[in-house]
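J.: My questions will all concern the structure given below.
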């Protein structure tokens with residue numbers, strides 16, 4: 001029997017390696033595909049004006065029809081776009097640490113972080129690490145590895161992709177009710193940006209979506225809490241597709 005395909009889409013400024021702790025728990029039951037988004041990893045830097053549709057097109061060719069999509073942060077917005085515009089590719093949708101329909105205050109906060117990335121890219125990266133990992137049990141080696149990945153980005157490319165992250169939830173919001181596949185929104189109880197409230201907001205917006213809040217976790221669930229995340233993904237797929 002052919003193993004189902006699980007597609008893992010990473011966050012802004014990161015690359016596919018952020019999935020390693022979670023991927024190790026899933027590799028025995030799925031065929032894993034983890035493409036880097038345009039402007040990330042070894043891909044060419046993203047140009048000014050890049051859109052969510054551009055990011056989605058950049059990975060669509062790597063996704064077999066009927067795949068199970070798992071997107072983290074920016075990757076979650078890309079996965080939602082694919083579920084809307086390329087439903088042939090998507091069997092289930094798991095949005096990890098995803099924003100949804102930001103309030104004016106939430107929009108102001110993320111645009112402030114974008115401005116900070118324009119003013120001082122390295123300081124903005126350091127602030128991201130604090131938001132993601134402060135007061136967690138993630139090993140220091142993983143924090144350093146994430147830092148190296150962030151700082152390896154082309155600074156302008158990072159800012160162009162971060163602008164998509166900061167604004168694309170408003171683009172998606174009016175159409176979320178059209179995503180018909182079984183779905184799940186997962187976030188950390190202590191995530192300061194992709195908050196539990198946003199996960200519940202996303203679950204309410206999608207017709208067939210539940211919400212899971214992982215206790216005591218912050219933003220980087222695939223690194224900090226890979227086992228609960230792997231369990232959520234597996235349960236969604238098992239219960240909705242009989243795999």
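J.: Within the range 133-145, is there a residue that is in contact with a strand residue (DSSP E or B) (Cβ under 6 Å, 6 or more places away or on another chain), modelled with pLDDT of 95 or more and part of a helix (DSSP H, G or I)? First the steps, then the outcome.
T.: As a first pass, look at the range 133-145 and keep what is in contact with a strand residue (DSSP E or B) (Cβ under 6 Å, 6 or more places away or on another chain): none.
No, that holds for no residue.
J.: Which helices (runs of 4 or more DSSP H) does the range 1-105 wholly contain that include 2 or more residues that are touching a residue at least 60 places away in the same chain (Cβ under 8 Å) and over 16 Å from residue 202 (Cβ atoms)? Outline the logic, then answer.
T.: Working: elements: 20-26, 52-60, 74-85.
Fully inside the range 1-105 and qualifying: 20-26.
J.: Filter the range 165-219 down to the residues that are surrounded by fewer than 15 Cβ atoms within 10 Å (Cβ to Cβ) and in contact with a strand residue (DSSP E or B) (Cβ under 8 Å, 6 or more places away or on another chain) and list them by number.
T.: 189, 208, 216
J.: Sticking with this one: Test residue 190 against the criterion of being in a loop (DSSP other than H, G, I, E, B), more than 20 Å from residue 8 (Cα to Cα) and modelled with pLDDT of 95 or more, and give yes or no. Reasoning before the result, please.
T.: Details: in a loop (DSSP other than H, G, I, E, B): yes; more than 20 Å from residue 8 (Cα to Cα): yes; modelled with pLDDT of 95 or more: yes.
The answer is yes for residue 190.
J.: Exactly one of these conditions fails for residue 158: (1) part of a loop (DSSP other than H, G, I, E, B); (2) surrounded by 20 or more Cβ atoms within 10 Å (Cβ to Cβ). Give me its number.
T.: Going through the list (1) part of a loop (DSSP other than H, G, I, E, B); (2) surrounded by 20 or more Cβ atoms within 10 Å (Cβ to Cβ), residue 158 breaks only (1).
J.: For the range 215-243, how many residues are part of a loop (DSSP other than H, G, I, E, B), under 19 Å from the mean Cα position of the chain (by Cα) and without any contact (Cβ under 8 Å) to a residue 12 or more places away in the chain?
T.: Going through the range 215-243 one residue at a time, the tally reaches 0.
The values are calculated or read from the model by the stated rules, or taken from the named source; none is laboratory data. Just so it is clear, the model here is predicted, and its values are computed rather than measured. Every residue, glycine among them, receives a Cβ derived from its backbone with ideal geometry; neighbour counts consider all protein chains shown.
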